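Report on one structure; see the data block that follows.
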Amino acid sequence: MSASRWQARLWHWQRLSALVLGLAVAVHLVVIVVAVRSGLTAAALLGRTQGSWIFGGGYLVFVLACAVHAPIGLARVVEETLGWRGARVAWLAGAFALLLLGAGLRAVWAVVGGPWA
């Protein structure tokens, strides 16, 4: 695959993930406003999310979109500021994607996985 085609695919995936992130953030803010107006505390809200795979699924989508979106942007910033190219940038972006994915999945599990999480 040519470099220009690869860049076009990365651009596509970053834009698609940005769309998903925008929707996820909007839903997240609505949930926060509704919870606050209902008088729920953080503890009460976490008590309601334990075992709720609907909440978990929603936040899982957010985590996956972050794990796609942020590493692509990081790679562009590193290329522009540090002048790194090729495999070095790809490894950095891949490692960052795995870090985000791992931390995000752990956070989702902590919110919905139950008291043993």
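List every residue pair whose Cβ atoms sit under 7 Å apart, with the two residues 6 or more apart in sequence or on different chains, where the first one lies in region 33-46 and is in contact (Cβ under 8 Å) with a residue 12 or more places away in the chain and the second, anywhere, is surrounded by 10 or more Cβ atoms within 10 Å (Cβ to Cβ).
Close Cβ pairs satisfying both conditions: L46/V111.
For region 1-26, how many residues are of a type outside the set (S, T, N, Q), assigned to a helix (DSSP H, G or I) and more than 25 Å from W109 (Cβ to Cβ)? It would help to see each step written out before you state the result.
First, the residues of region 1-26 that are of a type outside the set (S, T, N, Q): 1, 3, 5-6, 8-13, 15-16, 18-26.
Next, only the ones that are assigned to a helix (DSSP H, G or I) stay: 3, 5-6, 8-13, 15-16, 18-26.
Keeping just the survivors that are more than 25 Å from W109 (Cβ to Cβ) gives 3, 5-6, 8-13, 15-16, 18-19.
Looking only at that region, the number is 13.
Residue-by-condition table, conditions (1) of a type outside the set (S, T, Y); (2) open to solvent by 40 Å² or more (accessible area, probe 1.4 Å); (3) out of contact with any Leu (no Cβ under 7 Å at 6 or more places or on another chain); (4) not in a helix (DSSP H, G or I):
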site	(1), (2), (3), (4)
H28	yes, yes, yes, no
I32	yes, yes, yes, no
G47	yes, yes, yes, no
Y59	no, yes, yes, no
V63	yes, no, no, no
V68	yes, yes, yes, no
V89	yes, no, yes, no
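Among the candidates W109, W84, which residue alone is open to solvent by 70 Å² or more (accessible area, probe 1.4 Å), of a type in the set (F, W, Y) and over 20 Å from the mean Cα position of the chain (by Cα)? Outline the logic, then answer.
Numbers: W109 fails: over 20 Å from the mean Cα position of the chain (by Cα).
Result of the check over W109, W84: W84.
With the requirement that a residue be surrounded by 11 or more Cβ atoms within 10 Å (Cβ to Cβ) and not in a helix (DSSP H, G or I), what does region 34-45 give you? Please lay out each step first, then the result.
Applying the first criterion (surrounded by 11 or more Cβ atoms within 10 Å (Cβ to Cβ)) to region 34-45 yields 35-36, 40, 44-45.
Hit for region 34-45 is L40, nothing else.
For region 74-87, which positions are assigned to a loop (DSSP other than H, G, I, E, B) and basic (K, R)? Don't jump to the end; show me each part of the working.
Applying the first criterion (assigned to a loop (DSSP other than H, G, I, E, B)) to region 74-87 yields 83-86.
The one that is assigned to a loop (DSSP other than H, G, I, E, B) and basic (K, R): R85.
So for region 91-107 (the condition being assigned to a helix (DSSP H, G or I) and either of a type in the set (V, I, T) or at positive phi (or both)), does at least one residue qualify?
Step one: filter region 91-107 for residues assigned to a helix (DSSP H, G or I), giving 91-107.
Those left that are additionally either of a type in the set (V, I, T) or at positive phi (or both): none.
No - not one qualifying residue is present in region 91-107.
Has region 52-65 got at least one residue that is in contact with a helix residue (DSSP H, G or I) (Cβ under 6 Å, 6 or more places away or on another chain), among the aromatic types (F, W, Y) and either over 28 Å from H12 (Cα atoms) or at pLDDT below 90 (or both)?
yes
Six or more apart or on different chains, Cβ under 6 Å: which pairs go from a residue in region 55-80 that's over 16 Å from A26 (Cα atoms) to one that's surrounded by fewer than 19 Cβ atoms within 10 Å (Cβ to Cβ) and basic (K, R)? Could you list them?
Between residues of region 55-80 that are over 16 Å from A26 (Cα atoms) and residues that are surrounded by fewer than 19 Cβ atoms within 10 Å (Cβ to Cβ) and basic (K, R), there is no close pair.
Out of R76, R9, R15, report the one residue that is charged (D, E, K, R), closer than 23 Å to L99 by Cα and surrounded by 15 or more Cβ atoms within 10 Å (Cβ to Cβ). It would help to see each step written out before you state the result.
Details: R9 fails: surrounded by 15 or more Cβ atoms within 10 Å (Cβ to Cβ); R15 fails: surrounded by 15 or more Cβ atoms within 10 Å (Cβ to Cβ).
Unique residue meeting the criteria: R76.
The values are calculated or read from the model by the stated rules, or taken from the named source; none is laboratory data. The model shown is predicted, which means the values in this text are computed figures rather than measured ones. Every residue, glycine as well, gets a Cβ built from its backbone with ideal geometry; the counts of neighbours run over all protein chains shown. All accessible areas refer to the heavy atoms of the entire protein, side chains included, with ligands and DNA or RNA removed. Shrake-Rupley method; radii C 1.70, N 1.55, O 1.52, S 1.80 Å.
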